[in-house]
Each structure stands twice: as structure tokens, then as C-alpha cells.
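All remarks here apply to the structure that follows.
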Amino acid sequence: MPGCRRSLFFVAPGSVEVREEPLSPPGPGQVLVETLVSAISPGTEMLVYRGQVPAGMPLDASIPGLTDTFSFPVKYGYAAVGRVAALGTSVASEWQDQLVFCLHPHESHFLASPDELVPVPAGLAAEHACLFPHAETAVTFLMDGRPIVGEDVAVFGQGVVGLVTTAFLARMPLSTLVTFDRHPMRRQRSLAVGAHQCVDPGDSAALSAMHGSFDLTYELSGTPAALDQALAVTGFKGRVVIGSWYGDRRVDLDLGGAFHRSRMTLVSSQVSTIDPQWEGRWDRERRGAVAWRLLADLDPETLVTHRFPLSQAAAAYDMVDRHQGETVQVLLEHGA
């Protein structure tokens, strides 16, 4: 059993370090997880990396260890997959060697209670399983947007969350599914997962031609200016689901024109909670089961573009930050 672990720390805007820390054996009711792979979130996590989290705001009120207000240095991350390496007392023996997912920062080993772990379904590899939070988020977006048979749907942003959302929407009998992204590589992958058309949002003529065309629009790009574009292409009584978190960046919207008479609905969607209207029949476990089932049908190679050993985490974050057009999902490999 290791007496130390390697932990990733965000130490300043644009800077991360991997540090060794002492690690105790699992106590009563705990297990030790040896991490195999963890996924870098290109959305929220990059706001942490850039220091763009609003001052005084918890990183994530729903994840143990991330409820404190943001300040450097800090550990962050929420997509770790590993194998249970040791059990504390009072833990059922079937947890031994179980492949598990956990909402946990990037660390080579960590202690957790079994109720913080999600067993990975049989047949899914670790790097496939670490995409689970994106699948769970996409399921939430569909529940909040409530796409209807025959609707015209648009998705702004084809990063990993946008691609997974597009893939799930493509399973529905929509009339049109149009996506928007600045980067050619992501536009190609969008078509591969089921979009009928993928447009460069910088193409003003194409955007103008689609003005008011969509019943349902998702803004998942993380770019504040994209929300105004999403409003422009959404029609009368349409819905705009805002899945992006812009951090401390302000959003300027043109609400003085057609929007005033549009009877449009803007929906804030985030995965930590389920809309109260669903709570009578749904809980996080049911939503998670749907996410696992849909994720199993996705080819991870469509989404995973780069893999780095944990020791090269600084290079991984630099690539995600400065080369968005070349990346979708970047993974950290902890055994390398």
C-alpha cells in the first residue's frame, strides 16, 4: 500500500504542479482507490485553471472537498476512474478490485467511502468510463430542454459536452439537428456523431439565413458571445438552454429587438440538480443509469483526442487552453 500519492494542484492562473503528499491507509468505512485515468474538463476546469471563477463562490457545492470558496492553490477535477486497491474495516469485500468512477480531483490515489463511488458497468474500459460526467450532463440538458418529435434543434459548441449532447439528440426523431463550432476538426466530429449540418458561427451569412429557425437551442460553447447568437436563431416561443458557465465573464445580450416579442424561454441547466418537476419519478441514480446506457453506445475515440501522463499535466492544460481547435477530450494517465 503506498505511503504517498501524487496530487495535481492549480497554483496560479495558467499554472499547475504535481506534488507528492502523504497518504494514510483506509480507515473504517473507507476504501483506497488507485486512479487509472482522469479527464480534464475543458469547461469549468479551465475556468479554474485561468483563475476565472467568481470570487467567493464554491467550486462545486455538490462534491465533497470542493465546497470551499475558490482560491489558489487548489485541487480540482471531477472525473476520476480507478480500481479499489484496499478496504478499511466494515467495507463489504465485493468492493475489492472493483473498477469505479468518482467525482474527485486528479490524484494518483485517494480515500473515499463506498457511497461516493459509482461501480463502472461491465464492459466499459476506464477511459470510456471517465466520460460519464459528460453523459450525465447531456442527459440533464435533454431533460431540461425537452426536445419534441419533429422539432428543429441547434447546439452551439462542439467540445466534448456539446458532442455528447449532439450524439444523444441524434437518437431522437428530430426534423433538423444543426450544430455550430469555430473549429473544423470539431465540426467533422459533430457530423460523425449525428448532426445533420455543422456551421461555423463566424459565418454571418449562414447565421442570418437561420434567424428564428429553431424550436430549441442549446448554448454549450462557454463563449459569452454565443448566447446572443443562440437567441437570434431561436424562433417564437422557442427555448434556449444555457449549459455554459461563463465564470466571471460578463454576457452582453441584444434584448431590445425581436426578443421582446418572442415569448422565448431561457433555461439555466446544470447537472448538480434535477428540475423539481422530475423529482417525483427521477433521482440522480435513475438519471445516471440512463447516462451509462447511452454512453456505452458512444465510441470514446470520437471524443478522446490526447492522453498525457500525470507528470506532464502542465503540458496537457496548456494544450487544452491554447489549442482548442486541436482537442476535444484530454486525459491524464496515472500509471504512466
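Throughout, read-outs are computed from the coordinates displayed, never taken from laboratory work. Just so it is clear, the model here is predicted, and its values are computed rather than measured. Positions of Cβ are generated from backbone atoms using ideal geometry, with glycine treated the same way; all protein chains shown enter the neighbour counts.
At a glance:
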item: Calculated FRET efficiency for the pair Phe72/Gln96, C-beta based, R₀ 45 Å, to 0.05; result: 0.75
item: Relative contact order [Cα under 8 Å, 6+ residues apart], the chain, whole percent; result: 18
item: In order through region 69-76: 3J(HN,Hα) via Karplus (6.51 cos²θ - 1.76 cosθ + 1.60), integer Hz, x for Gly, Pro; result: 5, 6, 6, 7, x, 8, 8, 8
item: Between helix 160-169 and the chain: long-axis angle, C-alpha atoms, 0 to 90°, nearest 10; result: 60
item: Value of relative contact order over region 61-214, rounded to a whole percent, pairs C-alpha under 8 Å and six or more apart; result: 15
item: Distance between region 223-257 and region 270-336 - C-alpha centres, whole angstrom; result: 24
item: Between region 1-57 and region 131-148, the alpha-carbon center distance in angstrom; result: 26
item: Furthest towards positive pole of dipole, Val139, Phe72, Gly27, structure part the chain, Cβ charges; result: Val139
item: At R0 = 35 Å, FRET efficiency that the Cβ-Cβ distance of Ser268 and Asp200 yields, to 0.05; result: 0.85
item: Region 206-273 - percent relative contact order, Cα under 8 Å, separation 6 or more; result: 33
item: Whether region 186-301 is rounded, prolate or oblate, judged on the alpha carbon gyration tensor where a/c under 1.5 counts as rounded; result: oblate
item: Options Leu163, Ala126, Trp95, ranked by Cα towards positive dipole end of the chain, top entry (Cβ charges); result: Leu163
item: Estimated distance in nm for a label pair at Arg171 and Asp297, the labels positioned 7 Å out from Cα along Cα-to-Cβ; result: 0.4
item: Highest-first arrangement of 231-237, 152-158, 249-255, where packing means the average Cβ count within 10 Å; result: 152-158, 231-237, 249-255
item: Burial ranking of peptide ranges 294-306, 139-151 (average Cβ count within 10 Å, highest at the top); result: 139-151, 294-306
item: Per DSSP, loop trypsin sites (Lys or Arg not before Pro) in region 110-213 with at most 11 further Cβ within 10 Å; result: Arg171
item: Computed FRET value (nearest 0.05) for Ala192 with Ala258, which takes r as the C-beta separation and R₀ as 56 Å; result: 0.95
item: Order by protection proxy (mean Cβ within 10 Å, highest first), peptides 163-169, 74-80; result: 163-169, 74-80
item: Rounded to 10°, Cα long-axis angle of helix 284-296 versus longest principal axis of the chain; result: 80
item: Check: the chain dipole with +1 on Lys, Arg Cβ and -1 on Asp, Glu Cβ, in debye; result: 500
item: Stretch gain in nm, segment Arg19-Lys237, where the contour uses 0.36 nm per residue and the Cα spacing is subtracted; result: 73.3 nm
